[in-house]
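To keep things clear, I will list the structure first and then write my remarks on it.
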Amino acid sequence: MRTILQGSLLPPPPIKLSHSSLLFSPSHSHYSNLKFTTKSSPSPPTITMASIKVHGVPMSTATMRVLAALYEKDLDFELIPVDMRAGAHKQEPFVSLNPFGQIPALQDGDLTLFESRAITEYIADEYSEKGEKLMCPGCNKVKAITKVWLNVEGQQFDPIASKIAFERIFKGMFGMTTDPAAVQELEGKLVRVLDIYEARLSKSEFLACDCFTLADLHHLPVIHYLMGTDSKTLFESRPKVAEWVKKITARPAWAKVVDLQKQ
Amino acid sequence: MASIKVFGHATTTSTRRVLLTLQEKNLDYELVNVELKDGEHKKEPFLSRNPFGQVPAFEDGDLKLFESRAITQYIAHRYKDQGTNLLPADSKNIARYAIMSIGMEVEAHQFDPAASKLAWEQLFKHIYGLTTDKAVVAEEEAKLAKVLDVYEARLKEFKYLAGETFTLTDLHHIPVIQYLLGTPTKKLFTERPRVNEWVAEITKRPASQKILQ
């Protein structure tokens, strides 16, 4: 597997003007290397090379979430692998990028971010003019509905679905055995969520609105894994959900993410 | 007649998250009580407001929302120029907003799961005549301690979690922290100096005091 991956083979990334109201200074902060000053007048713009780096691995659902957003936006990036087996994510230098010791982390010039759903939101905002929109077009009210479904994925779907993926797939990779009782209990909870999705998708083409947004995208990594297990029947037996899964997993940007796993 | 309505229960942390935001912004609203002990949240008409059967649900004119953190973000944006600004000082700055978003994700995925379990075990269980599971408390306190260590380091560099000003990131923590301060878990906050100061700051705010009444 290639250890450093270019998002695409293009000439060097274009020079990007960084935000003029920020001063970038070296920092030992665990959290970010932005220092906010109390200067009232904006400092002159600094020129930085646009370079997006993702620290993570293609197998990780959270990393995949970020990669999907980058591909949807047609952005160049470098994927820097983190040696999970060696516990690199729990040590320096990684914990300076994410003090919670979890992949992925993203660097965009001098900005360091973590938490995949904060990263995707940043990508959608910062590069709103590039590639797919990933947010519902419209005013505050429409944005609010998108936030509802972003929270639904994070608070209602993912806690259950990722545990099922862990039981069915990841446990095996770590030499542990699936707990069928746990799977059954979790699936019992997931079907209640999917029934709500079925009702929602009968009224809306995608979860937040009639366009594909981050609210749909955030589901892709875990759904991808579950569709390779017996849990897929939960999705396939609900017509609107099945149609939605088919649509979102068929997106070319998603195919590129899946492709990275094969390398 | 207030155009803003909150459908919830004033004792739940999620409802309080929304009420806090409305208080900070001095917005008029009506709190419509949802009687949890009667299972009202799991039946119609509440389910039409939130199909997941959880409080709170929210209405502003003809806009209907659920998920407390989606509601607070809507309020913070829609009423940005009213009351306390709960967004970063320069909210158009995308990088700065992203830093606040990280904090909101951390609260939702790292802090709240452990903190809510601790509040449940040590406080709410008693209401239902159940007993505290000490093993769970120990396990969840260990997780919370790790999160608070990160907060301690963060708060050594910045006054609040997202920077120099109070934002939604801090606000989202307040309801469950208020409950935990009434339990032995309080020590996890008091034994970390900067966290302790931050907790004192955010809980003494007038809005924070108001929602306890």
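The values are calculated or read from the model by the stated rules, or taken from the named source; none is laboratory data. Since we're looking at a predicted model, the values are computed, not measured. All Cβ positions, even for glycine, are placed from backbone atoms using ideal geometry, and neighbour counts span all protein chains on display. Ligands, DNA and RNA are excluded from the accessible area calculation, which covers all protein heavy atoms including side chains. Shrake-Rupley method; radii C 1.70, N 1.55, O 1.52, S 1.80 Å.
Brief remarks on what is shown
- Label point distance in nm, B:GLN209-B:GLN82, each placed 7 Å from Cα along Cα→Cβ: 2.4 nm
- Computed from backbone phi, the HN-Hα couplings of the stretch A:193-208 come to 5, 5, 5, 5, 4, 4, 5, 4, 6, 6, 10, 9, 5, 10, 5, 8 Hz, rounded to whole numbers (Karplus: 6.51 cos²θ - 1.76 cosθ + 1.60, θ = phi - 60°; Gly and Pro given as x).
- Residues of the stretch A:217-236 with amide N under 14 Å of the 7 Å Cα→Cβ point at A:MET59: none
- Rounded is the label for the protein assembly as shown, because the ratio a/c of its alpha-carbon gyration tensor axes (a ≥ b ≥ c) stays below 1.5.
- Solvent-accessible area per residue for the stretch A:44-192 (1.4 angstrom probe, square angstrom): 42 Å²
- For the stretch A:228-242, 3J(HN,Hα) per residue [Karplus equation, 6.51 cos²θ - 1.76 cosθ + 1.60, θ = phi - 60°, Hz, x = Gly/Pro]: x, 10, 4, 5, 4, 4, 4, 7, 5, 7, 10, x, 5, 4, 4
- Checking the Cα-Cα distances for B:LYS37/B:LYS64; B:LYS25/B:LYS146; A:LYS141/B:LYS92; B:LYS186/B:LYS210; B:LYS125/B:LYS186 against a 29 Å cut-off, the pairs over it are B:LYS25/B:LYS146.
- Each chain gives up part of its surface: B and A jointly bury about 3700 Å² of accessible area, both sides summed, for a 1.4 Å probe.
- Computed [θ] at 222 nm, helices only, for the protein assembly as shown once each DSSP H run of length n ≥ 4 contributes -39500 (n - 2.57): -13000 deg cm²/dmol
- Two-site FRET efficiency, A:MET84 against A:VAL191, from Cβ-Cβ distance with R₀ of 30 Å, rounded to 0.05: 0.45
- Computed over protein heavy atoms with a 1.4 angstrom probe, the accessible surface ordering of A:ASP83, B:ASP170, B:ASP112, B:ASP90, largest first, is A:ASP83, B:ASP90, B:ASP112, B:ASP170.
- Spacing of the two label points (7 Å from each Cα toward its C-beta) at B:PHE52 and A:SER128, in nm: 2.6 nm
- Heavy-atom surface analysis with a 1.4 Å probe gives the stretch B:4-79 a carbon and sulfur content of 47 percent of its accessible area.
- Among the helices of chain B, none built from whole DSSP H runs has Cα atoms reaching 20 Å or more along its own axis together with a mean Kyte-Doolittle hydropathy of at least 0.5.
- Inter-part distance where the stretch A:209-250 and the stretch B:6-28 are each reduced to a Cα centre, Å: 34 Å
- For the protein assembly as shown, share of DSSP beta bridges that run antiparallel, in % to the nearest 5: 75 percent
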